[in-house]
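Take a look at the structure set out below.
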Amino acid sequence: MRDEASPYAWIGQAMQTIRRANWYRAVRTVEGRSGAVVKLDGRKVLNFASNDYLGLAADERLIRAAIAATQEFGTGSTGSRLITGHRSLHRQLEGAIAKLKQTEDALVFSSGYLANLGTIAALVGQRDLVLSDEYNHSSLKNGAVLSKATVLEYAHCDLADLQTKLAQQRDRFRRCLIITDSVFSMDGDLCPLPELLNLADQFGCMVLVDEAHATGVLGETGAGCVEHFGCTGRSLIQVGTLSKALGSLGGYVTGSAELIDFLRNRSPGWIYTTGLSPADTAAALEAIAIIQQEPERRQQLWQNVHQLQQQIHDRPSNTFPNRFKLIPSESPILCLQVSDAEKAIAIGQHLQEQGIFAAAIRPPTVPTSRIRITVMATHQLSQIQRLVEALFSN
Ligand code: PMP
């Protein structure tokens, strides 16, 4: 006989466990347009929690492009592209991404998450091996699980560990895919891409690199980490999002024309889902033009990043675990590691009282609790100073 408890009772118990561990998370309401200052739960705050690195999400030109596309084509794409047909706008965007990345072709997905799931699951299967950096984004990890390939994690950015695993395992499998974030989303450091590509060549592996936080931010023309490291033109698969520096919504894959044609035929995450909305497509297209025409946005972003790093370094920093330690970063993502989840929440609350919005990130998202600060091109120097004052007045 089963007991009388509801089959859903476990959910309440799981929530109690989450609360006890200080892992409980709730969504906050932001009002008005996104930007360096937003209204959070009714109060104006400085925004250091957004991935809108170049401040394009509220740019008038993107807004106008989205409105014009909506007026011309309507709000929805009404079906999957293979069945319902697509707009010339979709192909224009794919052409613009391919041009930015200097690849033969590109394919846009409904989100960056789906682009990773859909691409990895199409590229490898049961007879194959995926080698995955242990700090990879959830979408890469879940793409690997979905593919049914054997998945091995290597230590974060540790090429010696990757090489050992390749030497031990590569020959037992048909295809091998190495997957990595280029900018790690919860630490801000970069993957050692040139060396990783060399290893891949040596062992006959494909490489998929997630440029979600790099596109528009890194590289001379904003093409991302691949450009930053001088790896443009090398054979690899790049995935990314339209939702961060590009201020819109959606994801993409870019690479050889053959790869893209294969994905159009074999990626369920693209085939069986509705095409990107006209508004999102047009906004992203406009953003790609702006990141190429206005390199000064990227320059301003990096100036702001260096300002903040300098100001944090200038303060006494050896107080961890009592206070925090700056995790090494080469991107606009700066994380302050703290001793535990309770401390992260307390600092997050203190910052909010000081009129600053920065995310407290805790396990299971990351192995150690931290305050994650994202810098934007549209932050003023005085706003960065206010953040530093607030961090050190704790
Ligand atoms: N990859 C990385 C590294 C990310 O940080 C994110 C977003 N958090 C994604 C993929 C998913 O992108 P999207 O938000 O477009 O689904």
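The values are calculated or read from the model by the stated rules, or taken from the named source; none is laboratory data. What you see is a predicted model; the values in this text were computed from it and never measured. Quick reminder, even Gly has a Cβ in these numbers, built from the backbone with ideal geometry, and neighbours come from all protein chains shown.
Listed values, structure above:
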item: The lone exception for residue 19 - which of (1) assigned to a helix (DSSP H, G or I); (2) surrounded by 13 or more Cβ atoms within 10 Å (Cβ to Cβ); (3) out of contact with any helix residue (DSSP H, G or I) (no Cβ under 7 Å at 6 or more places or on another chain) it fails; result: (2)
item: Enumerated strands (runs of 3 or more DSSP E) restricted to the range 99-158, each holding at least 2 residues that are closer than 24 Å to residue 189 by Cβ; result: 129-133, 150-154
item: Residue count, the range 132-157 (criterion: among the hydrophobic types (A, V, I, L, M, F, W, C) and either touching a His at 6+ places or on another chain (Cβ under 6 Å) or within 21 Å of residue 269 (Cβ to Cβ) (or both)); result: 6
item: Search result, residues across the range 26-58 that are surrounded by fewer than 21 Cβ atoms within 10 Å (Cβ to Cβ), in contact with a helix residue (DSSP H, G or I) (Cβ under 8 Å, 6 or more places away or on another chain) and assigned to a loop (DSSP other than H, G, I, E, B); result: 36, 55
item: Filter result for the condition that a residue is of a type outside the set (A, V, I, L, M) and more than 23 Å from residue 74 (Cα to Cα), over 261, 280; result: 261
item: Test: residue in the range 261-269 that is within 15 Å of the ligand (Cβ to nearest atom) and over 15 Å from residue 215 (Cβ atoms); result: yes
item: Filter result (within 12 Å of the ligand (Cβ to nearest atom), among the hydrophobic types (A, V, I, L, M, F, W, C) and closer than 21 Å to residue 141 by Cβ) within the range 224-251; result: 225, 239
item: Filter result (out of contact with any strand residue (DSSP E or B) (no Cβ under 9 Å at 6 or more places or on another chain) and either acidic (Asp, Glu) or within 22 Å of residue 230 (Cα to Cα) (or both)) within the range 164-191; result: 171
item: Residue among 189, 133, 181, 128 that is under 27 Å from residue 233 (Cβ atoms), over 17 Å from the mean Cα position of the chain (by Cα) and touching a residue at least 12 places away in the same chain (Cβ under 8 Å); result: 128
item: Residue in the range 158-170 that is within 16 Å of the ligand (Cβ to nearest atom) and either more than 16 Å from the chain's Cα centre (by Cα) or at pLDDT 95 or above (or both) present; result: no
item: Count - residues of the range 194-216 that are away from the ligand (no atom under 12 Å from the Cβ) and either within 17 Å of the chain's Cα centre (by Cα) or under 23 Å from residue 49 (Cα atoms) (or both); result: 1
item: Among residues of the range 244-284, those that are closer than 20 Å to residue 227 by Cβ, buried (at least 24 other Cβ atoms within 10 Å of the Cβ) and more than 18 Å from the chain's Cα centre (by Cα), counted; result: 1
item: Failed item, numbered, when residue 347 is tested on (1) in contact with a strand residue (DSSP E or B) (Cβ under 9 Å, 6 or more places away or on another chain); (2) in the same structural domain as residue 138 (by TED's automatic domain parsing); result: (2)
item: Residue ID - surrounded by the fewest Cβ atoms within 10 Å (Cβ to Cβ), chosen from residues in the range 162-175 that are touching a Phe, Trp or Tyr at 6+ places or on another chain (Cβ under 7 Å) and among the hydrophobic types (A, V, I, L, M, F, W, C); result: 166
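For every residue, the table says whether it meets (1) modelled with pLDDT under 90; (2) surrounded by fewer than 19 Cβ atoms within 10 Å (Cβ to Cβ); (3) under 18 Å from residue 184 (Cβ atoms).
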site: 316; (1), (2), (3): yes, yes, no
site: 322; (1), (2), (3): yes, yes, no
site: 325; (1), (2), (3): yes, yes, yes
site: 350; (1), (2), (3): no, yes, no
site: 353; (1), (2), (3): no, yes, no
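Residues are listed down the side, and each one gets a yes or a no for (1) buried (at least 22 other Cβ atoms within 10 Å of the Cβ); (2) of a type in the set (A, V, I, L, M, F, W, C); (3) under 30 Å from residue 96 (Cβ atoms):
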residue: 289; (1), (2), (3): no, yes, yes
residue: 298; (1), (2), (3): no, no, yes
residue: 303; (1), (2), (3): no, no, yes
residue: 312; (1), (2), (3): no, yes, no
residue: 382; (1), (2), (3): no, no, no
